[in-house]
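The values are calculated or read from the model by the stated rules, or taken from the named source; none is laboratory data. Since the model is a prediction, treat every value here as computed from it, not as a measurement. Backbone-built Cβ (ideal geometry, glycine too); neighbour counts: all protein chains shown.
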Amino acid sequence: MFHARGYFNELGYAYKLGATCVLEALWALDGELREVADKVLKGRRLGPEDGIALYNSRDLLGIGYLAGLVRQRRHGKRVFFAVNRHINHTNVCINRCRFCAFSRTPGAEGAYTLSPAEIAAKAEEAAALGVHEVHLVGGLNPELTLDYFCEVLRRVRAILPAATIKALTAVEIDYLAQRHNLSVDAVLSALKEAGLDCLPGGGAEVFAPRVRELTCPRKISGERWLEVHATAHRLGIPTNATMLYGHVETVAERVEHLLRLRELQDQTGGFLTFIPLAFHPENTAMAKWGLRETTGFDDLKTLAIARLLLDNFVHIKAYWVMIGPRMAQISLGFGVDDLEGTVIEERITHSAGAHTPELMARLELVELIKTAGYVPVERDALYNVVREGF
Ligand code: V47
Ligand code: SF4
């Protein structure tokens, strides 16, 4: 049942907003969302049926309003961003996922692999720009060994001693473990020793085996992805999480994916942020299935629902490279508190037809945040504050 009066005792934020405003917003909610609103305002955990109700609702503003309340409770007006640099060390990949336009088979035209010296040169450029986060990911290239990655990490660490290094997805970690007949624990420990700070969230896609079979049949299972992240958390290596949405997955599969992440977060507390990734079909094997780019409606709803379902995630990040800087700015009012950074060079989404820029200057990000009425906070990959007050 929906009892508006009780909220004003339970939710300090309601007072700040002014009672009339909260009441008006809640009465305007889609009828089916009132029970969800009741739970959100009382700080109660949402279940799978709530996630499905949220996805099935067209009340985008109502959902955004609730996600905004939760965001406000946690972060007030602060919005986190990083001055970062993406480096994609190789596009050679034996997995060849059907949604990926970036990868090439070994020896194919356009295949590339950067040497540790070439990566070091990119790190030097990043140092000149004041980068505090390096994001290094690539394909599963049979020629690249654990030694290669340790050397790369050591060189980047030496060039950027104050930066944090977010490198290698769970898929790449699993591949290295198999290639060297080592445990995931041993691979992660060696990489940590060489300078790894945290893992990015890529490779999660959608955990449901049905979706993986259709879209990335050679990729590790969702269970294995969760296992690698659990091991990283146990070793004191925090990680990010993602969900690639807008292709063949159902609403129930999206909700299940989010709840699996929430379950692991309950156990380890090792996830830093969640980033929904909007599918870009161009140049992919899935383009001929008639799939289109995601809509702004779905992008905002997915970010807001993530904020509501993932009640134990501190940060929800909008990836402007995939949804565009304008939509990323609007998402700040829909539960998002974290924006992907300056990026500088991006190959994965741009290979799949993204029309967004490849980089954004620190000043542009700051302006984007400030003009929406929020307070920019520059962070590193571990969410240490680098600078506040722009
Ligand atoms: O794992 C591949 C996805 C991921 C396409 O952790 C595609 O901070 C859309 O994980 N359309 C890589 N997505 C990107 C990623 C990421 C990005 C930014 C920040 C962080 C973080 C992580 O991109 C892949 C895959 O899930 N992807 N192809 C495509 N056509
Ligand atoms: Fe390889 Fe990653 Fe592309 Fe899949 S998404 S083909 S694992 S690079």
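Pairs linking a residue in the range 275-301 that is within 13 Å of ligand 1 (Cβ to nearest atom) to a residue that is of a type in the set (Asp, Glu), with Cβ atoms under 7 Å and 6 or more positions apart or on different chains, are Ala278/Asp299; His280/Glu293; Pro281/Glu293.
Entry remark, the range 89-116: residues being of a type in the set (S, T, N, Q), surrounded by fewer than 19 Cβ atoms within 10 Å (Cβ to Cβ) and within 9 Å of ligand 2 (Cβ to nearest atom) number 1 in total. Return the residues of the range 218-262 that are within 16 Å of ligand 2 (Cβ to nearest atom) and over 20 Å from Glu172 (Cβ atoms); say none if nothing qualifies. Those that are within 16 Å of ligand 2 (Cβ to nearest atom) and over 20 Å from Glu172 (Cβ atoms): Tyr245, Gly246, His247, Val248, Glu249. Here Ile173 meets the list (1) within 16 Å of ligand 2 (Cβ to nearest atom); (2) buried (at least 24 other Cβ atoms within 10 Å of the Cβ); (3) outside any helix (DSSP H, G or I) almost entirely, failing just condition (3). Is it the case that Asn312 is under 25 Å from Leu258 (Cα atoms), touching a residue at least 12 places away in the same chain (Cβ under 8 Å), touching a helix residue (DSSP H, G or I) at 6+ places or on another chain (Cβ under 9 Å) and assigned to a loop (DSSP other than H, G, I, E, B)? Spelling it out, Asn312 is indeed under 25 Å from Leu258 (Cα atoms), touching a residue at least 12 places away in the same chain (Cβ under 8 Å), touching a helix residue (DSSP H, G or I) at 6+ places or on another chain (Cβ under 9 Å) and assigned to a loop (DSSP other than H, G, I, E, B). For Ala128, the criteria (1) exposed (fewer than 15 other Cβ atoms within 10 Å of the Cβ); (2) modelled with pLDDT of 95 or more hold in every case but one, which is (2). If only residues of the range 327-337 that are of a type in the set (Gly, Ala, Ser) and buried (at least 21 other Cβ atoms within 10 Å of the Cβ) are counted, the one that is nearest to Ala361 (Cα to Cα) is Ala328. Going by the conditions given, is Ala252 surrounded by fewer than 20 Cβ atoms within 10 Å (Cβ to Cβ), among the hydrophobic types (A, V, I, L, M, F, W, C) and assigned by TED's automatic domain parsing to the domain that holds Asn95? When the stated conditions are applied, Ala252 passes them. Restricting the range 89-107 to residues that are in contact with a strand residue (DSSP E or B) (Cβ under 8 Å, 6 or more places away or on another chain) and either in a loop (DSSP other than H, G, I, E, B) or in the same structural domain as Leu33 (by TED's automatic domain parsing) (or both) leaves a set whose member that is nearest to Glu364 (Cα to Cα) is His89.
Annotation note: of Ala354, Ala318, Ala372, the sole residue that is assigned by TED's automatic domain parsing to the domain that holds Gln265, more than 12 Å from ligand 1 (Cβ to nearest atom) and small (Gly, Ala, Ser) is Ala372. For the residues Gly341, Gly324, the requirement of being in the same structural domain as Asn91 (by TED's automatic domain parsing), surrounded by 21 or more Cβ atoms within 10 Å (Cβ to Cβ) and not charged (D, E, K, R) singles out Gly341.
Rundown of residues vs (1) part of a loop (DSSP other than H, G, I, E, B); (2) aliphatic (A, V, I, L, M); (3) under 24 Å from Ala304 (Cβ atoms), yes/no style:
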position: Met327; (1), (2), (3): no, yes, yes
position: Ile330; (1), (2), (3): no, yes, yes
position: Gly333; (1), (2), (3): no, no, yes
position: Val336; (1), (2), (3): yes, yes, yes
position: Glu346; (1), (2), (3): yes, no, no
position: Ala354; (1), (2), (3): yes, yes, yes
position: Glu358; (1), (2), (3): yes, no, no
position: Glu367; (1), (2), (3): no, no, yes
